[in-house]
Amino acid sequence: MSSLLLHLLSNSDPMPMLDLRHLPNEIPGEHVVYFLRRHVITITSLFVSYVFILTAPLAVLWYLATNVPTISDDPRLFPLVVLGISLFFLFVWLFLFQALMDYYLDIWVVTTKRILSIEQTGLFNRRVSELRLYRIQDVTATVSGFLHTVFNYGNVEIQTAGEKERFIFEDVPSPNEVAKTILQLVEEDRKEHFDEALEEMDAKKDSHSRGRHTTPPVAEE
Amino acid sequence: MIPLSWFLIAWLILVAIFALLALFTIAINTRYGFASLGTYSATAIFLLVAVGVILTTGGYLMTVDWSQSLNVIPSSAPTLEL
């Protein structure tokens, strides 16, 4: 347990606290274009419900004060009420902080060279993905639903050549604008990596044609 | 009759569990979070409120006489008389 905490607190990790001035594995000439999180509205409902839950102990105290006024004078029962309310408040406060942290640690960074996706699920689950812009083939923005339309937030799906998995920016603000900017950045980056992209395309063509040749001919009846 | 101090011990154990979870949460937040004033201030607010609640509760609990016992079965319960 203590070694785990020491590891968490030490600075030996290749990707420590994220700093926009010093991104992990920084590429020369790279500039941050977008720093995205889910839209604030996605966490508002959770936040409001936690605030209601946090005020519940006050409601219990008010109920006890009005219906059982002698409880505050009871030297045995009142300490138990205080113990219970303090524990309830502490754990709800912790869960609220963890929920905020879960929102806060999910980040998508778009730079002039690449896209960084950092997703935190729970306390001990963290996924960091990186994608070079010139490898992107398709960018789709989706705004679906009443709240999404009113507050202008939605998903941006990024598809790369040959990759089964997609990069998805979930519930980010102004997805159409983000998608448009990413496509522009991809075009600019592709010009810089023209030769590399050509080689990749040739390699793909070769593998496709080889795949066709190796398929067995259909038997004639 | 349950000694009142048992409840205090249970409270202390649960507060210790809270402290451990809070430590992990803060460690992960400050280690993997985005280096900004927001990260530090959110962590500071969380810590201040949590410490404030524990100290206030602790201050009250110091005044309680924990040598008492709690009777879970009320003495006014009907008894069978032969």
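Inside the range B:2-57, can you point out the residues that are of a type in the set (A, V, I, L, M, F, W, C), facing chain A (nearest Cβ under 9 Å) and not in a helix (DSSP H, G or I)?
B:PHE34, B:ALA35
Any idea which residue in the range B:48-74 is surrounded by the fewest Cβ atoms within 10 Å (Cβ to Cβ), counting only those that are touching a residue at least 24 places away in the same chain (Cβ under 8 Å) and under 22 Å from A:LEU123 (Cβ atoms)?
B:ILE54
Looking only at residues that are of a type in the set (Val, Ile, Thr) and over 15 Å from B:PHE34 (Cα atoms) in the range A:111-142, which one is surrounded by the most Cβ atoms within 10 Å (Cβ to Cβ)?
Checked the range A:111-142; the qualifying residue surrounded by the most Cβ atoms within 10 Å (Cβ to Cβ) is A:ILE115.
Considering only residues of the range A:52-66 that are within 27 Å of A:TYR103 (Cβ to Cβ) and touching a residue at least 12 places away in the same chain (Cβ under 8 Å), which is farthest from the chain's Cα centre (by Cα)?
Looking at residues that are within 27 Å of A:TYR103 (Cβ to Cβ) and touching a residue at least 12 places away in the same chain (Cβ under 8 Å), I get A:PRO57.
Within the range A:75-88, is there a residue that is at pLDDT 90 or above and either part of a loop (DSSP other than H, G, I, E, B) or among the aromatic types (Phe, Trp, Tyr) (or both)?
yes
Residues to consider are A:LEU90, A:LEU105, A:LEU83, A:LEU94; find the one that is within 22 Å of A:PHE47 (Cα to Cα), without any contact (Cβ under 8 Å) to a residue 12 or more places away in the chain, surrounded by 19 or more Cβ atoms within 10 Å (Cβ to Cβ) and at the interface with chain B (Cβ under 10 Å from one of its Cβ atoms).
None of the other options fit; the residue is A:LEU90.
The values are calculated or read from the model by the stated rules, or taken from the named source; none is laboratory data. Keep in mind that what you see is a predicted model, and the values were worked out from it rather than measured. Counting neighbours? That spans all protein chains shown, and the Cβs are built from the backbone with ideal geometry, glycine included.
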